[in-house]
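Below: the structure, in structure tokens.
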Amino acid sequence: MSEFTVETGDWPRLGADATLVRDAVFFREQRIAALHEWDDADLDALHIVAYRASDRGRRPVGTGRLLPGGAIGRLAVLEEARHRGIGSSMLRTLIAHAADRGDAAVWLYSQSRVVPFYERHGFTRIGDPFQEAGVEHVEMRRPLAIPPEAHSASNSG
């Protein structure tokens, strides 16, 4: 049995659990001001939450979101749950959803300290580092495979 499960859904369904993880990682651990975290994009995003089973039920331990247009953001895993494949599993799931809906690429703003994580998942750096919410970031992008039917449709005249 897997140590964790991953669910996708909208903000009304997963928002409370996503908020618990984002609060723990971004506000308490990284001390990022709340004004940089909350926006209306949550309402239009596909959300993902990873849960770990415990004797008291299941507990949210990771979260992320996929916006229209292919932007991935707010990917976070609780400190005690890191290095167990949770972030990778969530990222792969978000990439698969983007590909399934026909996005040509996914992109994100990575904190500079975790760039190697995203590089392992096929993302490449774009441009120079920049500051966002007091933390150094870099833009990263990953092209998605074009389905064969889309390619042949574009070549037919």
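Key figures
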| quantity | calculated |
| --- | --- |
| Qualifying positions in the range 84-121 - at positive phi and loosely packed, with under 14 Cβ neighbours inside 10 Å | Gly102 |
| Filtered residues of the range 53-63 (kept if farther than 12 Å from Asp17 by Cα and in contact (Cβ under 8 Å) with a residue 24 or more places away in the chain) | Ala53 |
| Tabulated pairs, the range 34-51, first modelled with pLDDT of 90 or more, second among the charged types (D, E, K, R) and part of a helix (DSSP H, G or I), C-beta under 6 angstrom, 6+ apart or interchain | Val49/Asp17 |
| Tabulated pairs, the range 72-89, first basic (Lys, Arg), second assigned to a helix (DSSP H, G or I), C-beta under 7 angstrom, 6+ apart or interchain | Arg74/Arg22 |
| Leading residue by the ranking (nearest to Ile95 (Cα to Cα)) among those in the range 134-146 that are in contact with a helix residue (DSSP H, G or I) (Cβ under 9 Å, 6 or more places away or on another chain) and surrounded by fewer than 15 Cβ atoms within 10 Å (Cβ to Cβ) | Ala145 |
| Any hit, the range 2-9, residues being touching a Phe, Trp or Tyr at 6+ places or on another chain (Cβ under 7 Å), more than 24 Å from Glu132 (Cβ to Cβ) and crowded, with 19+ Cβ neighbours inside 10 Å | yes |
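The values are calculated or read from the model by the stated rules, or taken from the named source; none is laboratory data. What you are looking at is a predicted structure, and each value in this text was computed from that prediction instead of being measured. Reconstructed Cβ throughout: ideal geometry from the backbone, glycine too, with neighbour counts over all protein chains shown.
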